[in-house]
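The values are calculated or read from the model by the stated rules, or taken from the named source; none is laboratory data. All values reported here derive from a predicted model rather than from experimental measurement. FYI the Cβ positions are ideal-geometry reconstructions off the backbone, even for glycines, and counts take in every protein chain you see.
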Amino acid sequence: MLPTFLRRVRPFFLLTDIGFLLYWAITALHVLPAAWLFKDYDQSLAVAWNWSFLPLDLLISATGLGSLAIGRKRPVVAVRLAVFSLVLTSCSGLQAVAFWAARCDVDVGWWIPNLYLLLYPLPFLGSFLRAEAPKAPEASMAGI
């Protein structure tokens, strides 16, 4: 059985990590209609910015899906991979949102998925950190 942490994060990993793989396949094959592309998509700098996320997104997918694949056999390693994937996912969303904000470019079609990437990992990371926080003896707290 998967550790509780992995069971809770599993549907998010499947949606997000498979979503990343599909996004990059669709992007590479130029499947999206021009109307769905972000502003200035045809400019080389915007294209380079977008493709600069490829290694990060593939690492996110590899660590997220990898954590689920090894969860039953190596639960400690799987949870660590899952946490790493969650941190990277939030960073990916933050970088994209920061870019759109810096450009004052608000397109909900691009903001919503990137806000999802930024925000969905945070409750999982918070619960992981609370569970892993060392418990200080109450006697040591008396001097504070």
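Does any residue of the stretch 101-119 turn out to be at positive phi and out of contact with any Phe, Trp or Tyr (no Cβ under 7 Å at 6 or more places or on another chain)? Looking for residues that are at positive phi and out of contact with any Phe, Trp or Tyr (no Cβ under 7 Å at 6 or more places or on another chain), one finds at least one in the stretch 101-119, hence yes.
Contact map, the stretch 86-111: first residue in contact (Cβ under 8 Å) with a residue 24 or more places away in the chain and buried (at least 16 other Cβ atoms within 10 Å of the Cβ), second residue part of a helix (DSSP H, G or I) and acidic (Asp, Glu), Cβ cut-off under 8 Å, separation 6 or more or different chains; pairs are 92/57. Report yes if some residue within the stretch 55-71 is touching a residue at least 60 places away in the same chain (Cβ under 8 Å) and touching a Gly at 6+ places or on another chain (Cβ under 6 Å); otherwise report no. Scanning the stretch 55-71 turns up no residue that is touching a residue at least 60 places away in the same chain (Cβ under 8 Å) and touching a Gly at 6+ places or on another chain (Cβ under 6 Å).
One line per residue, one yes/no per condition, for (1) at pLDDT below 95; (2) small (Gly, Ala, Ser); (3) surrounded by 14 or more Cβ atoms within 10 Å (Cβ to Cβ); (4) under 19 Å from residue 118 (Cα atoms):
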| residue | (1), (2), (3), (4) |
| --- | --- |
| 14 | no, no, no, yes |
| 27 | yes, no, yes, no |
| 34 | yes, yes, no, no |
| 51 | yes, no, no, yes |
| 65 | no, no, yes, yes |
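Residues are listed down the side, and each one gets a yes or a no for (1) more than 18 Å from residue 18 (Cβ to Cβ); (2) part of a helix (DSSP H, G or I); (3) modelled with pLDDT under 95:
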{"position": "41", "(1), (2), (3)": "yes, no, yes"}
{"position": "60", "(1), (2), (3)": "no, yes, no"}
{"position": "82", "(1), (2), (3)": "no, yes, no"}
{"position": "89", "(1), (2), (3)": "no, yes, no"}
{"position": "92", "(1), (2), (3)": "no, yes, no"}
{"position": "110", "(1), (2), (3)": "yes, yes, yes"}
{"position": "115", "(1), (2), (3)": "yes, yes, no"}
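Rundown of residues vs (1) under 20 Å from residue 12 (Cα atoms); (2) over 15 Å from the mean Cα position of the chain (by Cα); (3) of a type outside the set (Val, Ile, Thr), yes/no style:
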site: 63; (1), (2), (3): yes, no, no
site: 77; (1), (2), (3): yes, yes, no
site: 80; (1), (2), (3): yes, no, yes
site: 87; (1), (2), (3): yes, no, no
site: 115; (1), (2), (3): yes, no, yes
